[in-house]
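Before we start, here is the structure in question, set down as structure tokens.
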Amino acid sequence: VWYRQPVVTAWSTPGAALIASTQGLTMPEAVGAFVVCALFVIVVGPTRWCERVMNRLPIALAAALLAGVLSRFALDAALATRTAPVLVIAMTLAFIAGRRWWPRYAVPVVLVIGMVLAAAQGQLQWNAVQITMAAPVWTTPVFTLPALMSLALPLFVVTMASQYLPGVAAQRAAGYDTPVSPAVTSTGLTTLVLAPFGGYSIALAAITAAIGMGREAHEDPAKRWVAAVAAGVFYIAVGLAGGAVVGVLQALP
């Protein structure tokens, strides 16, 4: 809202994979690592290190960086054809048609078609869905050297390399010159506040940011920042219904 530009944030997807593969740490130790990672990000923000790096990257290289992040999802979708050919091919054709005739609604249409086909094949497990509200749970952080070395530092490096750089690349590729340092610092502060509640790494989004910066969000690039605000509102709503959302994801094939 401050910059009137589509700055979208998200949790670090590679960071989640890193945490899932980490062993031997308790939850308080992990939270302590999240706090340390947030402090590292807060230090990087005012130094403008990330901004200096991105200002030296050619636009084509920034676009390629974003493509590298997205390519894995496209390849995984193609490989899923081996196990669910009807579902994947039908959703792919729906996406192609949607991009041609109703680009703004292509993704929701694909989701609806996929759910209809999955229901027809008996692949939806709605018994896994429980309508419950989520509540924040405080975890007092514990700071240990093993957690610092095995989680905090790798999480910081992974988040900077695979979230902030592609996130800024998405902005640059879409023609936006949003100041990087304030965004990095503010997301670091947000992570610091939310770390005791399990918020491990709030960073600039890349995949969802690309959606909010496209023509589907609005024909006028100057008005696409509303998409980022809407994303934030929906994030809050989804977070409050966190248990139900997990159930819905488990219900889908």
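The values are calculated or read from the model by the stated rules, or taken from the named source; none is laboratory data. As the structure is a computational prediction, the values presented were derived from the model and not from experiment. When we count neighbours, we look across all protein chains shown, and the Cβ atoms used for this are built from the backbone with ideal geometry, even at glycine. The protein model used for the area step is the full one, side chains on, heavy atoms only, and it has no ligands, DNA or RNA in it. Shrake-Rupley method; radii C 1.70, N 1.55, O 1.52, S 1.80 Å.
For the chain, what relative contact order do you get, as a whole percent, if you take Cα pairs closer than 8 Å and at least 6 residues apart?
That works out to 43 percent.
A further question follows. Helix-only mean residue ellipticity at 222 nm, the chain, DSSP H runs n ≥ 4 weighted -39,500 (n - 2.57), per residue, nearest 500. What is it?
Numbers: 12 runs with 152 residues, N = 253.
Mean residue ellipticity, 222 nm, calculated: -19000 deg cm²/dmol.
Taking 7 Å along the Cα-to-C-beta vector as the label spot, tell me the Ile89-Ala251 distance in nanometres, rounded to one decimal.
Result for the modelled spin labels: 2.8 nm.
With every protein chain left in place, what is the accessible area per residue of segment 60-143 in square angstrom, probe 1.4 Å?
So segment 60-143 comes to 73 Å² accessible per residue, rounded to a whole number.
What is segment 167-209's relative contact order, in percent, from Cα pairs under 8 angstrom and six or more apart in sequence? Kindly include the intermediate steps, with their values, before the conclusion.
Numbers: 29 pairs, mean separation 21.3, N = 43.
Dividing the mean separation by the residue count of segment 167-209 yields 49 percent.
Same structure, new question: Using protein chains only and a probe of 1.4 angstrom, how many square angstrom of Ile19 are accessible, to the nearest 10?
50 Å²
Along the charge dipole of segment 96-253, which of Ser150, Val246, Ala134 sits closest to the positive end, that is, farthest toward it, with unit charges on the beta carbon of Lys, Arg, Asp and Glu (+1, +1, -1, -1)?
Looking along the dipole axis, the top candidate is Val246.
What's the extension gain from Val43 to Tyr235 if we count 0.36 nm per residue and subtract their Cα-Cα distance? Don't skip to the end; give the middle numbers.
Details: separation 192, 0.36 × 192 = 69.12 nm, distance 2.65 nm.
Answer, rounded to one decimal: 66.5 nm.
If amide H atoms are built 1.01 Å from N in the plane of the peptide, which residues on other chains or at least 5 residues away come under 5 Å of the amide H of Thr9?
Ala205
Kindly write out, for segment 165-171 in residue order, the coupling ³J(HN,Hα) from the Karplus curve 6.51 cos²θ - 1.76 cosθ + 1.60 (θ = phi - 60°), rounded to whole Hz, with x marking Gly and Pro.
5, x, x, 5, 4, 4, 5
Still on this structure, I have one more. What ranking do 93-105, 32-44 get when scored by the average of other Cβ atoms within 10 Å per residue, highest first? All intermediate terms of the calculation are to be shown ahead of the outcome.
On the way: 93-105: 13.5, 32-44: 22.2.
Descending packing order for the listed peptides: 32-44, 93-105.
Taking all protein chains as present, what is the carbon and sulfur share of the accessible area of segment 90-224, in % to the nearest whole number, probe 1.4 Å?
Details: 5110 of 7180 Å².
Ligands and nucleic acids excluded, carbon and sulfur reach 71 percent.
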